[in-house]
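Reviewing the structure listed below.
The values are calculated or read from the model by the stated rules, or taken from the named source; none is laboratory data. Quantities reported herein were computed from a predicted structural model and do not represent experimental measurements. Every residue, glycine among them, receives a Cβ derived from its backbone with ideal geometry; neighbour counts consider all protein chains shown.
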Amino acid sequence: MVALPPPTCPPADEEVRLPSLDALRAFEAAARLGSYERAAEALHITASAVGKRISTLEDQLGLALFQRGGKPLQLSASGREYLAGVLPALTQLAALPLHRRAAQRGQRLRLSAPPTLAREVLVPALPAWTQRHPDIELELVLSVPFLDQGGSDADLDVRHGQALRTDDVPLMQDVLIPLASPALLPEGRLREAADLAGLPLLRNPLEPWIPWFRAVGLDWPEPEQGPRLFDLGMRLEAALCGQGVVLSRPSLARQALRTGRLRPVLGVGATPWLAASSAYWLLPHEDHPVALAGARWLREACERAAADGLALVAGGH
């Protein structure tokens, strides 16, 4: 623990205006995490509140604590000096046993995952986590897809894309098949892949249609009409609204397949399963019992989702 120097008292006629503890915590969190948004998430307040607390602190000190306009946030020279002064005090305050509530002494696992995976795979698996680990609070937060968010404060981080290392194992072996709303297929499933020529195809530049076209023997170019939707959840929602055919992962469309709101455009056994070119990966994490338990639950949930999705497609849903 960092020892504080002995306190010195100001002259009796000198008024000392101490900053609020909330302002100091907002400043420290923003400096550590690199943004008002992430500081707000850590403190369970809004980014606007973080900004106001830091602005009040700067006004009180008469100093600019951050360099404006940069992302991530960068401390100014004055900010670095001030942080070095207040951090030991905050550390010592946080270490006092009386400041620690019973709930804060409990175990917690913070898991960061892309939105669609979190909504369609992890949330349905939460009861299994709670039943297995009732003493560990799981905090599920969303990451921004396709953005390298280095420096995450999560215990477990899931990313979507290509493998970072040659020995990485994806969380699930995903496939891509064309799905559509029954409203888009009034006469039922298509007889052959070439019948897609009369239907709108939802586009995603990260998972193009051409590999699937080639797998079914179609020498078609990439579709050039219609909106380009990067997010997996947005493409599924557009398909549910009958806006087009989505080249999707059954693992992420289980609920829609189960209820019949989406179905394979081709008949059972006629739809080739194309291996997805990208996958979900669990980034390296600490070798800690809570993190290991979370990683095990995460892999089980993803593997079950992949198996369930394929079973629903094979079963004719």
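Can you list the helices (runs of 4 or more DSSP H) lying wholly within segment 67-134 that have 1 or more residues being modelled with pLDDT of 90 or more and closer than 30 Å to Gly309 by Cα?
Working: elements: 77-95, 102-105, 126-132.
By residue number, 126-132.
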When restricted to Leu185, Leu196, Leu202, the only residue surrounded by 14 or more Cβ atoms within 10 Å (Cβ to Cβ), touching a Lys or Arg at 6+ places or on another chain (Cβ under 6 Å) and not basic (Lys, Arg) is Leu202
So, Leu21, is that one buried (at least 17 other Cβ atoms within 10 Å of the Cβ) and either over 20 Å from the mean Cα position of the chain (by Cα) or of a type in the set (Val, Ile, Thr) (or both) or not? no
_Criterion first (of a type outside the set (Val, Ile, Thr), within 25 Å of Arg261 (Cβ to Cβ) and buried (at least 17 other Cβ atoms within 10 Å of the Cβ)) does Glu207 satisfy it?_
yes
So is Ala49 modelled with pLDDT of 85 or more and either farther than 17 Å from Tyr82 by Cβ or in contact with a strand residue (DSSP E or B) (Cβ under 7 Å, 6 or more places away or on another chain) (or both) or not? yes
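Residues are listed down the side, and each one gets a yes or a no for (1) under 26 Å from the mean Cα position of the chain (by Cα); (2) within 18 Å of Pro208 (Cα to Cα); (3) part of a loop (DSSP other than H, G, I, E, B):
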residue: Leu247; (1), (2), (3): yes, yes, no
residue: Pro284; (1), (2), (3): yes, no, yes
residue: Asp287; (1), (2), (3): yes, no, yes
residue: Ala293; (1), (2), (3): yes, no, no
residue: Trp297; (1), (2), (3): yes, no, no
residue: Cys302; (1), (2), (3): yes, no, no
residue: Ala306; (1), (2), (3): yes, no, no
Per the filter on segment 61-84, residues in contact (Cβ under 8 Å) with a residue 40 or more places away in the chain and in contact with a strand residue (DSSP E or B) (Cβ under 8 Å, 6 or more places away or on another chain) are Leu73, Leu75, Gly79, Leu83
Of the candidates Glu207, Glu187, the one satisfying the condition of being over 23 Å from Ala305 (Cα atoms), assigned by TED's automatic domain parsing to the domain that holds Ala295 and not in a helix (DSSP H, G or I) is Glu187
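So which of Glu237, Glu303 ends up being without any contact (Cβ under 8 Å) to a residue 12 or more places away in the chain and surrounded by 13 or more Cβ atoms within 10 Å (Cβ to Cβ)?
Details: Glu303 fails: without any contact (Cβ under 8 Å) to a residue 12 or more places away in the chain.
Residue meeting the stated conditions: Glu237.
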Per the filter on segment 28-46, residues at pLDDT 85 or above and either touching a Gly at 6+ places or on another chain (Cβ under 8 Å) or polar (S, T, N, Q) (or both) are Ala31, Leu33, Gly34, Ser35, Tyr36
